[in-house]
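Trainee: Encoded as structure tokens, here's the structure I'll be asking about.
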Amino acid sequence: MVESNRRQEKKRELIFVITGREEASVNAECQRLLDELLEPQERTTGLSSVDPASTGACDVLDELRTLPFLTEKRVVLVKDADDFVSKNRSLLEKYFDNPCPTGILVLTVSSWDSRTKLAKRLPSVGRLINVTEPKRGELPHRLIKYAGDAHDKALSKDAAELLIELTGDGLAMLYGEIDKLALFAHTEKAITSRHVELLIGHNRLFNAFAVIDAVVAGDVAEAINRLRSMFAEDKSAEYTVVGAFAFHFRRMFNAKALLAKGIRPDEVANRLRIWGNKDGFFLHLHKVTLEQLGANLQQLAAIDFQIKTGQTKPQVAMEQLVLKLAAGAGVCYGGVKDGSTGSPH
């Protein structure tokens, strides 16, 4: 009896409204819902994506009432449907009263007013999916859940944290990176930090290290050229560049602190998973202090905030940071004192 009621309740989910301010996250949730509703082979005949700017409400409702072909249900998707809902509210209210049992309507909107008749009727015929950007501390759990739900793979908390550090905190982008990692891990049951390092971290971290290496060597022009190459070669660099630099500086900070406690360099390398140019990494450490590395991290945090609030552009901000690192304006390298106004050497 309980199982029968559950089936009936699931059958009533004939209308889905996905709402959220962040378009990329709404689109990611929409894709997840479509994967839940339709098998890949059903998309051709079972999914109709409608442009609300060029299609009237009557046409959308006709699509919903059209008998499905080679599938049990027909899904009609209307994205960016705020104006569509406003202009066709009365027709939609009638449809919400009596939705077609073989048609599923999916609407994505930036806002959904709970006081309207549509909002009050929706729970009886479907579901509201409210997409909110999680706080930084909630991201690892969200990624672990997504890896399990979407790909049936375990994701360690360390791997999730590393992925966030390298990619940033944009949920849609993080989901996309997990999709790639799931393919990369292939038959393995878990996505580990090593997978993240090999697939995502290697190029980004190597490029960031190359910029820092040029700064330490005093070659400002080469540092700027390498930074510009990062943006030119990687379209996602504007979202990930701060994370890549922060990863390096944070690891340098931790390594410097461990060395100060008398821990051997080889043990430090093992603990912090330092790969590649170990000699270059420890050479960098001899030329900086903990205070300077802490200042670097503070400045990166400020840059991250400025980028997210539209106060600056990623490439401009990072070029300014590289120049400050090289010239010693606020943060210094190679013995150039904090606050120096001398030219980079």
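Just so you know, all these numbers are worked out from the coordinates, no wet-lab data involved. Since the structure is predicted, the reported quantities are computational estimates derived from the model, not experimental observations. Here the Cβ positions follow ideal geometry from the backbone for every residue, glycine too, while neighbour counts run over all protein chains shown.
Trainee: Give me the orientation-averaged projected area of the Cα convex hull of region 1-137, in nm², one decimal.
Mentor: Reported value for the Cα convex hull: 9.8 nm².
Trainee: Find, among the GluC sites (Glu not before Pro) in region 130-207, those assigned to loop by DSSP (not H, G, I, E, B) with at most 14 other beta-carbon atoms within 10 angstrom.
Mentor: Listed in order of number, the matching sites are E188.
Trainee: I want to check the label-to-label distance for R65 and R228. Put each point 7 Å from Cα in the C-beta direction and report it in nm to one decimal.
Mentor: The two pseudo-label positions are separated by 6.2 nm.
Trainee: Using a cut-off of 20 Å between alpha-carbon atoms, which lysines can reach K180, once sequence neighbours fewer than 8 places away in the same chain are excluded?
Mentor: K145, K153, K157, K189, K235
Trainee: How do C100, C58 line up, fewest other C-beta atoms within 10 Å first?
Mentor: Fewest-to-most ranking of C100, C58: C58, C100.
Trainee: When only Cα pairs under 8 Å and 6 or more residues apart are kept, what is the percent relative contact order across the chain?
Mentor: 14
Trainee: Right, here's the next one. For the chain, what does -39500 (n - 2.57) per DSSP helix run (n ≥ 4), summed and divided by total residues, give at 222 nm, in deg cm²/dmol to the nearest 500?
Mentor: Roughly -18500 deg cm²/dmol at 222 nm, from the helical runs in the chain.
Trainee: How many percent of all Cα-Cα pairs in region 195-327 sit more than 19 Å apart?
Mentor: 49
Trainee: Short version: what are the Cα gyration tensor semi-axes of region 151-236, square root of 5 times each eigenvalue, largest first, in whole Å?
Mentor: Equivalent ellipsoid semi-axes, largest first: 29, 12, 10 Å.
Trainee: Once you mark the chymotrypsin sites (Phe, Trp or Tyr not before Pro) that are in a DSSP loop and have at most 15 other Cβ atoms within 10 Å, what is the longest gap between them in the chain?
Mentor: 70-274
Trainee: Let me ask you something else. Using only the alpha carbons of the chain, what is the convex hull's orientation-averaged projected area in square nanometres?
Mentor: Projected over every direction and averaged, the Cα hull of the chain covers 22.5 nm².
Trainee: Here's something else I'd like to know. Subtract the Cα-Cα distance of Q320 and L198 from 0.36 nm times their separation in residues, and report this length gain in nm to one decimal.
Mentor: So the extension gain works out to 41.0 nm.
Trainee: Give the order of R127, R115, R74, R250 when sorted by the count of other beta carbons within 10 angstrom, beginning with the fewest.
Mentor: If I rank by nearby Cβ atoms, fewest first, I get R115, R127, R250, R74.
Trainee: Going by how many other beta carbons lie within 10 Å of each one, how would you line up T240, T187, T132, fewest first?
Mentor: Taking fewest neighbouring Cβ atoms as first place, the list is T187, T132, T240.
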